[in-house]
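One structure, pasted below without further comment.
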Amino acid sequence: MPERRTVALVTLGCARNEVDSEELAGRLEADGWELVEDAEDADVAVVNTCGFVEAAKKDSVDALLEANDLKGHGRTQAVVAVGCMAERYGKELAEALPEADGVLGFDDYADISDRLQTILSGGVHASHTPRDRRKLLPISPAERQDSAAEVALPGHAPADLPDGLAPASGPRAPLRRRLDGSPVASVKLASGCDRRCSFCAIPSFRGSFISRRPSDVLNETRWLAEQGVKEIMLVSENNTSYGKDLGDIRLLESLLPELAEVDGIERVRVSYLQPAEMRPGLIDMLTSTPKVVPYFDLSFQHSAPAVLRSMRRFGDTDRFLELLDTIRGKAPEAGVRSNFIVGFPGETEADLAELERFLNGARLDAIGVFGYSDEEGTEAATYDNKLDEDVVAERLARVSRLAEELVSQRAEERVGQTVRVLVESVDGDEGAYGRAAHQAPETDGQVLFTNGENLTVGLMVDAKVVGTEGVDLVAEALPGSLACTEEAAR
């Protein structure tokens, strides 16, 4: 009988990383590894790191050190780093963090089982040398699909497992294994980015933009529906570019209705949209397609023209407000969220006031605010006109206070409305929680039920908003919805 091998995956960072972890889990399970939830119960703890900003990198290092502390106290024998930070720094991370028994890049994912077995057996796998992954694919998007099979693309694994691991009926299982029982799951739409924002290092370690084929996205969505998933969230570095390397920049508009028709899927959400690439047809599709929620995760970053030009981005306050007016003209209750960077090199008080003018007029449902800090390898890190750290900190605090006030006001505007909520948590002490159409997982607040006694995870419930707690809504499930849940329970 084969020796029992156990592995735990610890995931940090964004939803894209969560998809990558589930692909790694699928590969490992297919090769006989037993997946366990807690690192202390695993022979090998695999930490899927984030390499985006300094705080995320610190969290990744802390997670690796925490897993390393388990050695000698439980089952854990090895700790391995994967993910963006491991890919970005490779040997440098391995040298700076000897507590990690292995630092694996994206090119190691296809052979993850062998890599872990080597490390578990006391062997050494050489950490990779980082490289600019944008150079691995042709410059022309139209030529990339032919080269895609030769490049490691996390989350783009082959659509099917071997016959022995595929389900007896229904869609063949993707090379993915769910790591929780949540009724919501992310689906990779594409990887990489062709934009050259001066503050962002992601394209250098995630590579150039490349789309997944629609058939793979559909197959994975059907499989997730069979696993009990009710909502899928389409993720990538830039969903508005989907299809440009497949010969159809409007491919997302034709894919969304097909995803919405998958049996069992109640909600389709699209994240990571670029304001400069929003098309009238895409806005129409997002605001009028049944089961596709009118949700707009728009990456504004700032609204002062001078700052946006320094960021290598496009737009201004008035054009952004016009875009929001167009969206709300088609779907008045559409959810809109965005992130912003304050204290960017050269940002003036007038620029900051312009950003505040935009925020006051935008009525955003969720706002993320970050203070600028240099990211090595980016153009902005070479700029001369940097602001003092204390100035950046003051502006961060100032805009964060405004953002908190504005999203609370926006939540209050929804009092009295009826919202459709996906129930995600039912706890005897904490009550029942869920998310409405304008709320994405983890980032945008949630709905607390005042009468959630008969609710169960995975139900879609109509509820009337009766109050707020900051960005969160307090709602009462409507009698018709409760009657449906009781009928389903019987």
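The values are calculated or read from the model by the stated rules, or taken from the named source; none is laboratory data. Everything quoted here is computed from the prediction, not taken from an experiment. Reconstructed Cβ throughout: ideal geometry from the backbone, glycine too, with neighbour counts over all protein chains shown. Areas reflect the complete protein model, heavy atoms only, side chains present, ligands, DNA and RNA absent. Shrake-Rupley method; radii C 1.70, N 1.55, O 1.52, S 1.80 Å.
Considering Pro257, Pro290, which residue is modelled with pLDDT of 95 or more and part of a helix (DSSP H, G or I)? Walk me through it before giving the result.
Numbers: Pro290 fails: part of a helix (DSSP H, G or I).
Just a single option satisfies the conditions, and that option is Pro257.
For Ala149, state whether it is under 25 Å from the mean Cα position of the chain (by Cα) and either modelled with pLDDT under 85 or part of a helix (DSSP H, G or I) (or both).
On the way: under 25 Å from the mean Cα position of the chain (by Cα): yes; either modelled with pLDDT under 85 or part of a helix (DSSP H, G or I) (or both): yes.
Answer is yes for this residue.
Show the residue pairs meeting these rules: Cβ distance below 6 Å; 6+ apart or different chains; first residue within region 42-64 and in contact (Cβ under 8 Å) with a residue 24 or more places away in the chain and closer than 24 Å to Phe199 by Cβ; second residue among the polar types (S, T, N, Q) and not in a helix (DSSP H, G or I).
The qualifying pairs are Asn48/Thr11; Glu54/Ser373; Ser60/Thr49.
Only residues that are under 19 Å from Asn48 (Cα atoms), among the small types (Gly, Ala, Ser) and open to solvent by less than 50 Å² (accessible area, probe 1.4 Å): list them for region 104-145, please.
Result: Gly105, Ser113, Ser127.
So in region 312-339, with the set limited to residues that are of a type in the set (Lys, Arg) and under 28 Å from Ala201 (Cα atoms), which one is surrounded by the most Cβ atoms within 10 Å (Cβ to Cβ)? Full working, then the answer.
Taking region 312-339 as the starting set, the residues that turn out to be of a type in the set (Lys, Arg) are 312-313, 319, 328, 330, 337.
Subsequent filtering for residues that are under 28 Å from Ala201 (Cα atoms) retains 312-313, 319, 337.
Details: Arg312: 14, Arg313: 21, Arg319: 13, Arg337: 23.
Step by step, filter region 312-339, then rank; the result is Arg337.
Which members of region 468-483 meet the condition of being modelled with pLDDT of 85 or more and of a type in the set (Ser, Thr, Tyr)?
Initially, region 468-483 is screened for residues modelled with pLDDT of 85 or more, giving 468-479.
Within region 468-483, just Thr468 meets the criteria.
Out of Gly335, Gly343, Gly377, Gly368, which single residue is small (Gly, Ala, Ser) and without any contact (Cβ under 8 Å) to a residue 60 or more places away in the chain? Quick ask: steps written out before the conclusion?
Numbers: Gly335 fails: without any contact (Cβ under 8 Å) to a residue 60 or more places away in the chain; Gly377 fails: without any contact (Cβ under 8 Å) to a residue 60 or more places away in the chain; Gly368 fails: without any contact (Cβ under 8 Å) to a residue 60 or more places away in the chain.
Within the list Gly335, Gly343, Gly377, Gly368, the selection yields Gly343.
Here are some residues: Ala477, Ala411. Which one is over 30 Å from Leu12 (Cβ atoms), surrounded by 14 or more Cβ atoms within 10 Å (Cβ to Cβ) and either hydrophobic (A, V, I, L, M, F, W, C) or within 25 Å of the chain's Cα centre (by Cα) (or both)?
Numbers: Ala411 fails: over 30 Å from Leu12 (Cβ atoms).
One residue alone meets the criteria, Ala477.
Please count how many residues of region 290-311 are open to solvent by 10 Å² or more (accessible area, probe 1.4 Å), within 21 Å of Arg395 (Cβ to Cβ) and under 23 Å from the mean Cα position of the chain (by Cα).
Selection size over region 290-311: 2.
Which fully enclosed helices (runs of 4 or more DSSP H) of region 311-425 have 3 or more residues being more than 22 Å from Gln274 (Cα to Cα)? Steps first, answer last, please.
On the way: elements: 317-330, 349-362, 389-413.
Hits in region 311-425: 349-362, 389-413.
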